[in-house]
Each structure stands twice: as C-alpha cells, then as structure tokens.
1. Among all the lysines, which ones have a C-alpha under 21 Å from K57's C-alpha, if same-chain residues fewer than 8 places away are not counted?
2. What accessible area per residue comes out for the chain, rounded to a whole number of Å², with a 1.4 Å probe?
3. Considering only protein heavy atoms and a probe of 1.4 Å, how much of the accessible area of the chain is carbon and sulfur, as a whole percent?
4. Tell me the net charge near K48. Cut-off is 15 Å between Cβ atoms, K48 excluded, with +1 for each Lys or Arg and -1 for each Asp or Glu.
5. Which whole-Hz ³J(HN,Hα) couplings does the range 27-39 yield from phi under the Karplus relation 6.51 cos²θ - 1.76 cosθ + 1.60, θ = phi - 60°, glycine and proline marked x?
6. Grab the Cα-Cα distance for N19 and M1, subtract it from 0.36 nm times how many residues apart they are, and report the gain in nm with one decimal.
7. Tally Lys/Arg at +1 and Asp/Glu at -1 over every other residue whose Cβ is under 9 Å from the Cβ of K32; what's the total?
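The values are calculated or read from the model by the stated rules, or taken from the named source; none is laboratory data. Predicted model only: the values in this text are computed from it and were never measured. Neighbour counts are summed over all protein chains in view; Cβ atoms, including those assigned to glycine, are modelled from backbone coordinates with ideal geometry. Keep in mind that these areas ignore ligands, DNA and RNA; they rest on the heavy atoms of the full protein, side chains included. Shrake-Rupley method; radii C 1.70, N 1.55, O 1.52, S 1.80 Å.
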Amino acid sequence: MRLKLTVHAQERIAERRINTDDIKRVIQSPDKKRPDLQGIKAQKSFGKKTLVVVYSKEEFRDRHDEFLVITAYYLK
C-alpha cells in the first residue's frame with residue numbers, strides 16, 4: 001500500500017505525531033468507515049486513542065493500492 005499525502009496532511013501528521021503505519025492500518029481495517037465530502041472518513045481505535053483518517057482513492061484509479069490522505073487526527 002502506498003500513501004500520497006497532501007501538504008495539509010503532511011503538516012498535520014507531523015504536528016500531531018501520527019505514525020504513517022497507523023494511517024495504513026486505519027485504511028486497511030477500520031473500525032468505522034463512511035463517505036465524507038472529501039472522500040472517505042475511516043477510524044480505528046489504538047488503545048485509548050482513536051485515529052481518524054480522511055482519504056481518497058479516486059485519484060488513483062489505475063492503481064488500487066495507492067491512497068491520497070487528506071488529513072488525519074485523533075479524537076479527543
């Protein structure tokens with residue numbers, strides 16, 4: 001699985017100290033997933049934290065293993 005990160009996502013992931021391996025886990029096996037205005041919103045619990053990832057796979061129709069990550073954040 002390959003991730004492409006928007007500039008916004010790169011900044012937020014660094015700021016929030018989010019591991020890209022965790023982002024991949026959310027996309028591959030989310031606890032919840034639903035459509036969002038920007039693409040797909042998925043979330044997964046990691047212990048006491050829940051990570052939310054907003055991503056799109058529409059940008060890469062020729063390759064199904066690439067995802068555009070729009071943002072990622074932990075729920076409070």
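1. Leaving aside lysines fewer than 8 places away in the same chain, those within reach of K57 are K4, K24, K32, K33, K41, K44.
2. Numbers: 5280 Å² over 76 residues.
Accessible surface, normalised per residue, equals 70 Å².
3. Values: 2410 of 5280 Å².
C and S fraction of accessible area: 46 percent.
4. Working: positive: K44, K49, K76; negative: D22, D31.
Charge balance near K48 sits at +1.
5. For the range 27-39, the Karplus curve yields 5, 6, 9, x, 6, 9, 8, 8, x, 9, 4, 9, x Hz.
6. Details: separation 18, 0.36 × 18 = 6.48 nm, distance 1.47 nm.
Length gained, N19 through M1: 5.0 nm.
7. Values: positive: K33, R34, K41, K44; negative: D31.
Neighbourhood net charge equals +3.
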